[in-house]
Amino acid sequence: MRFAKLTRLFAFLTVTVLFAAAASAESWKNSLIGWNDPYYKVLNKNTHRGVALALGYFETKFIWFATHKSEAFRQAYTDFFNRAYPTGAPPLADKLGAPWMAASPNQEFFIALYSKDKKLEILGGDESLWDISLEVGSQVYKPILVENIETSPFEVRFFPYIERWYLTYRVVFPPDSSVDAGAQFKIVLNSVAGRNEIKFK
């Protein structure tokens, strides 16, 4: 009897936390639209959220965000960075901001993941259960770089949808000129948990 009560309590607390995470993520998306700074408006336009239930009724809630480093985003990020450090940035800030300010022909993304099952928060490498790809029409690209980012106040300032329990990554795909020209595309995750995708228009 006691075990059954504890099981029900655990299930209730799990669902409560997961709903809070989803609500927080959604409230960020809604509130960001009203922010006045030009950077956050561009961030909002280049960021999308995916939510999916996977691996059991109570066991795993998978939530993720993806921000596309479009040319408009790169320019807005650079401007915001320069305004944050008007008299010059310290070396650490320069290092953290450099990938998002550098011009590149590649398709790059900032990706944040949350899952109750921590193995589903891992992207890239031998420990990941996810196969990640960029799909542009019938063309499928695999990443040339998946880099884990140690989240700090710096990233939270530039990507305010991050929660303390998210893992964050920089994911780089090969160039595709049609994306730069405005073609629709999507980031796709496949695993035993199912298929998850975020569409960009």
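The values are calculated or read from the model by the stated rules, or taken from the named source; none is laboratory data. For clarity, every value in this text was computed on a predicted model and none was experimentally measured. With ideal geometry, Cβ positions are generated from the backbone for all residues, glycine too; neighbour counts draw on all protein chains shown.
Of everything in segment 150-201 that's touching a strand residue (DSSP E or B) at 6+ places or on another chain (Cβ under 8 Å) and of a type in the set (G, A, S), which residue is modelled with the lowest pLDDT?
As a first pass, look at segment 150-201 and keep what is touching a strand residue (DSSP E or B) at 6+ places or on another chain (Cβ under 8 Å): 151, 155, 159, 161-163, 165-176, 178-179, 183-191, 193-200.
Applying the additional criterion that residues be of a type in the set (G, A, S) yields 178, 183, 191, 193-194.
On the way: S178: 95, A183: 95, S191: 86, A193: 75, G194: 79.
Only one residue fits best here, namely A193.
Would it be correct to say that F173 is closer than 23 Å to K199 by Cα, of a type outside the set (S, T, Y) and touching a residue at least 24 places away in the same chain (Cβ under 8 Å)?
Numbers: closer than 23 Å to K199 by Cα: yes; of a type outside the set (S, T, Y): yes; touching a residue at least 24 places away in the same chain (Cβ under 8 Å): yes.
Against the criterion (closer than 23 Å to K199 by Cα, of a type outside the set (S, T, Y) and touching a residue at least 24 places away in the same chain (Cβ under 8 Å)), F173 qualifies.
Take the residues of segment 99-123 that are closer than 19 Å to V42 by Cβ and of a type in the set (A, V, I, L, M, F, W, C): which is surrounded by the most Cβ atoms within 10 Å (Cβ to Cβ)?
F110
Within segment 136-159, take every residue that is free of Cβ contacts under 8 Å to residues at least 60 places away in the same chain, charged (D, E, K, R) and surrounded by fewer than 16 Cβ atoms within 10 Å (Cβ to Cβ) and give me the one that is nearest to P105 (Cα to Cα). Spell out how you get there, then give the answer.
Of all residues in segment 136-159, those free of Cβ contacts under 8 Å to residues at least 60 places away in the same chain come to 136-153, 155-156.
Then keep just the ones that are charged (D, E, K, R); that gives 142, 147, 150, 155.
Next, from what is left, pick out any that are surrounded by fewer than 16 Cβ atoms within 10 Å (Cβ to Cβ): 142, 147, 150.
Details: K142: 15, E147: 18, E150: 25 Å.
Selected residue: K142.
Being surrounded by 12 or more Cβ atoms within 10 Å (Cβ to Cβ) and modelled with pLDDT under 95: is that true of L96 here?
no
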